[in-house]
Amino acid sequence: MPGAVLTKAQKELKRLAFLNPAHPEFGYIRTYLDWLTDMPWQTATPNDTSITKAAKILDEDHYGLKKIKERIIEYLAVMKLREKEKKNKEEEKGTTILCFIGPPGVGKTSIGKSIARSLGRKFLRVSLGGVRDEAEIRGHRRTYVGAMPGRIIQSIKNIGVNNPVFMLDEIDKLGADFRGDPSAALLEALDPEQNNEFSDHYLEVPFDLSKVMFITTGNILDTIPPALRDRMEVIQFPGYTEDEKFHIAQQFLWKKELTANGLGKKPIQVTDGALREIIQRYTREAGVRELERMLANICRKMARKIAEGKKIKKEVSKEDVAKYLGPRKYSETLAEKKDEIGISTGLAYTQAGGDILFIEVALMPGKGNLLLTGKLGKVMQESAKAAFSYVRSRWQELKLPKDFYKDLDVHIHVPEGAISKDGPSAGAAISMALISAFTQKPTRREVGMTGEITLRGRILEIGGVKEKVLAAHRAGLKTVILPKDNKKDLEEIPQNVKRDIKFYFVSQMDEVVKVALKK
Ligand SMILES: Nc1ncnc2c1ncn2[C@@H]1O[C@H](COP(=O)(O)OP(=O)(O)OP(=O)(O)O)[C@@H](O)[C@H]1O
Ligand SMILES: [Mg+2]
C-alpha cells in the first residue's frame, strides 16, 4: 500500500482492536480493511508493447477495419514512448481515452478485447447503460448501511491488477437524475489530469487509475455529455459492406460458430453462395451480429442432427440455407419495388447505423392542414413544415393552381411508427414525397436521398454519409442523391459500393426533382 493508505489502514485496525466483535461497527471496519488489503495497489501485468506484435494480433482477430487498426497502433506507439519518458519524470499522466462509436455488432467490444490481448494485459468490461446514480460509479460513503465501492473500484479489485484494459460500454446511455450525475464521477475517473488520484466514497483514500487503459464505446455521439466527449478521442466504426461481411463470415464467424457448437473438429464447409444468400436475404444490418446468429443457428441444427445419430453433409450450400433457416426474411430488394405516387426513399442515420426510410404523403379533402406522424422529433417536424412551405411557394414551377392546397389536408407519415426519428436530413425526401403527391407523378423508388432543405429550396450538408450510403447499398438502391457539400465524404466509401451506385450531388431541390420524379 502507498504510505497514506497504510496510515489509514493502521488507524482503522487500531479502532478494530478496541471493539467487541459483536459490535456492529466491527463488521464494517473488518470489511473495509479487507477492501484496502485486496486492492491491487502495486500489482500490474508486465507491460508488453511490441508494436509489430500488437499489429499482428489485431489482424489475427479482425478482418478489415484498416483505418481503425492504424489509429490504435499509433495510440499504442505513443503510449510506449511516453512510458519511456515517464521514468525520468516525476509527474505521471495517463494518455487520452479512446472512444469507439458505431452501430451494434461492428466489433467495438471485440477489438477492445483484442487490444488487451495484444498488450498482454487483462480485459475488463462494465456497462454504463442505465446508470443514473453517481454512487454506482463512485461508491457510497461508509456511513451508509451496506455501503460498497463503486463499479470502477469493484472491477479493479476483482481483476487484481492496476493496469487492465478497461472497457466502459454504452457510455451514450448514461443517465442522470436526483441522485447525482454519474458523468461527473466518470469524468474524474477518465481525465488523465486527475485520475491518478481517483477518490471513491467508500475507499476514502485515492486510488491511482492512471495505468488503466480506458476505452469507452457507444452507438451514437450526440447523447454523450459534452464534458466527457471532450476528454476522449473518438474513433468511428461506420459498419460493413456486403463484401466485408462476406469475408468476416468466411474467415472468422463460421469457424467460431463451429467451435462454439461442438463441431470444431468436423471440417464442415459453407459455400460462398450460401454465405451471400444469408447476408442478402436473412440479415439487414450495419454490423455482423445477426449474421453471426444465423450461422450459429445453422451450426446448432447440424449439431442436433449429429447428436441424434443422423448423417449430415460436409457442406452447407445455398439451397440448404432455407432448410436450416426457413424462408427468406427479405425476399425483395428495394430496387424491385414498384414506383408510387407520394412516397420517397430517404436515407437516415440511426443508432443502428444507416437505414432507409420511406416518407409517405397522403392528400385528402380538408382545409390546408398539415398532419405529421411516425414519432418525429421536433427538428424533423420543423423540417417537414419547411418542406411543405417550400413546395407551396413553388406552385408556379410545379404547374399547380395557386391555391392547390386550400381544400386539401396533407398527412406526412414516416414508418416504422414505433421508432422515434429526428434530425433535419430528411428535408429533401419529405419535399420530394410532397411534390410527387401534388403533381400526381410517381417517384423512382430506387433513388435514395438525403439533405436538409431551406425555405428557398437549397439543399444543405448533412452527417453520416458513409453510414447512409452503406445502408442504401445494402437495400439495393441504384441511385443516391447527396448535398453538393458532402462530395468530400465520398472518399471514405469503398470502391465496390461506388461502382454499384450512381451519385448525384445537388445544391437545389429542382435538381432532386429532375432525378427522382418519374416523367
Ligand atoms: N472485422 C471483424 N472481423 C471479425 N469478427 C468481427 C469483425 N467485426 C465484428 N466481428 C464479430 O462480430 C461480433 C459482434 O461484435 P461486437 O460484440 O464487438 O460488437 P459491438 O460493436 O461491441 O456491438 P454493440 O454496440 O452492440 O456492443 C463479435 O463476435 C465479433 O468478433
Ligand atoms: Mg459491445
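The values are calculated or read from the model by the stated rules, or taken from the named source; none is laboratory data. As the structure is a computational prediction, the values presented were derived from the model and not from experiment. All Cβ positions, glycine included, derive from the backbone under ideal geometry; neighbour counts span all protein chains shown. Side chains are part of the model used for accessible areas, which takes the heavy atoms of the whole protein and leaves out ligands, DNA and RNA. Shrake-Rupley method; radii C 1.70, N 1.55, O 1.52, S 1.80 Å.
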When only C-alpha pairs under 8 Å and at least 6 residues apart count, what is the relative contact order of the stretch 51-236, in percent? 29 percent
Calculate for the chain the 222 nm mean residue ellipticity that helices alone would give, adding -39,500 (n - 2.57) per DSSP H run of length 4 or more and normalising by residue count, nearest 500 deg cm²/dmol. -12000 deg cm²/dmol
Send over a whole-number figure in Å² for the accessible area per residue of the chain, probe 1.4 Å. 49 Å²
Once the mean of 1/r over all distinct C-alpha pairs in the stretch 242-325 is inverted, the Kirkwood radius in Å reads 12.7 Å
Rounded to the nearest 10 Å², the accessible area of Met1 using a 1.4 Å probe with every protein chain kept is 70 Å²
For the stretch 341-382, which trypsin sites (Lys or Arg not before Pro) are in a loop by DSSP, counting at most 10 other Cβ atoms within 10 Å? Lys367
Please report the net charge: other residues with Cβ closer than 12 Å to the Cβ of Leu76, K and R +1, D and E -1. +2
Hey, what angle do you get for helix 24-38 against the long axis of the chain, alpha-carbon based, 0 to 90 degrees rounded to 10? 80 degrees
For Cα pairs less than 8 Å apart in space and 6+ apart in sequence, what is the mean separation divided by the residue count of the stretch 242-325, i.e. the relative contact order in percent? 40 percent
Which of the lysines could a cross-linker span from Lys421 if the Cα-Cα distance has to be under 16 Å and same-chain partners fewer than 8 positions apart are dropped? Lys375, Lys378, Lys385, Lys468
Mind checking which aspartates and glutamates have their Cα closer than 20 Å to the Cα of Lys402? Skip sequence neighbours fewer than 8 apart in that chain. Asp510
Starting from the Cα gyration tensor of the stretch 465-519, take the square roots of the eigenvalues, sort them a ≥ b ≥ c, and report rounded, prolate or oblate (rounded when a/c is under 1.5, otherwise prolate if a/b is larger than b/c, else oblate). oblate
Highest mean first, what order results for 62-70, 147-155 on Cβ atoms within 10 Å? 147-155, 62-70
Whole-Hz Karplus ³J(HN,Hα) for the stretch 142-151, in order, using 6.51 cos²θ - 1.76 cosθ + 1.60 and θ = phi - 60°, x for Gly and Pro? 5, 5, 6, 6, x, 5, 8, x, x, 4
Defining a contact as two alpha carbons under 8 Å apart and six or more residues distant in sequence, what relative contact order in percent does the stretch 453-508 show? 44 percent
Can you give the charge dipole size of the chain about its Cα centre, rounded to the nearest 20 debye, using +1 on the beta carbon of Lys and Arg and -1 on the beta carbon of Asp and Glu? 1700 debye
First compute the accessible area of the stretch 373-414 with a 1.4 Å probe, then give the percent of it belonging to carbon and sulfur atoms. 50 percent
Table column - 3J(HN,Hα) (Hz), the stretch 311-324, Karplus curve with 6.51, -1.76, 1.60, x for Gly and Pro: 8, 10, 6, 7, 8, 9, 9, 4, 5, 6, 4, 5, 5, 7
The stretch 130-188: GluC sites (Glu not before Pro) in DSSP coil with no more than 12 other Cβ atoms inside 10 Å: none
Magnitude of the charge dipole, the stretch 51-236, Cβ model with Lys/Arg +1 and Asp/Glu -1, debye to 20: 800 debye
What does the C-alpha gyration tensor say about the overall shape of the stretch 343-516? Classify as rounded when a/c is under 1.5, otherwise prolate if a/b is larger than b/c, or oblate. prolate
All other residues with a Cβ under 12 Å from the Cβ of Glu319 taken together, and with Lys, Arg as +1 and Asp, Glu as -1, what is their net charge? 0
May I ask you to order 454-464, 390-400 by the average number of other C-beta atoms within 10 Å around their residues, highest value first? 454-464, 390-400
State whether the stretch 150-251 is rounded, prolate or oblate according to the following rule on the C-alpha gyration tensor (a ≥ b ≥ c being the square roots of its eigenvalues): a/c under 1.5 gives rounded; otherwise a/b larger than b/c gives prolate, and the remaining case gives oblate. prolate
In the stretch 1-93, if the dipole is taken from +1 on Lys/Arg beta carbons and -1 on Asp/Glu beta carbons about the Cα centre, which of Leu16, Gly3, Tyr63 is farthest to the positive end? Gly3
List the lysines whose alpha-carbon lies under 25 Å from that of Lys305, not counting same-chain residues fewer than 8 positions away? Lys255, Lys256, Lys265, Lys266, Lys313, Lys314, Lys318, Lys323, Lys329
Taking max minus min of the Cα coordinates of the chain on each principal axis, largest first, gives extents in Å of 94, 61, 49
From the phi angles alone, apply the Karplus equation (6.51, -1.76, 1.60; θ = phi - 60°) to the stretch 15-20 and give each ³J(HN,Hα) in whole Hz, x where the residue is Gly or Pro. 4, 4, 4, 8, 8, 6
Amide proton proximity set for Gln269, modelled H, under 5 Å, gap of 5+: Glu315, Val316
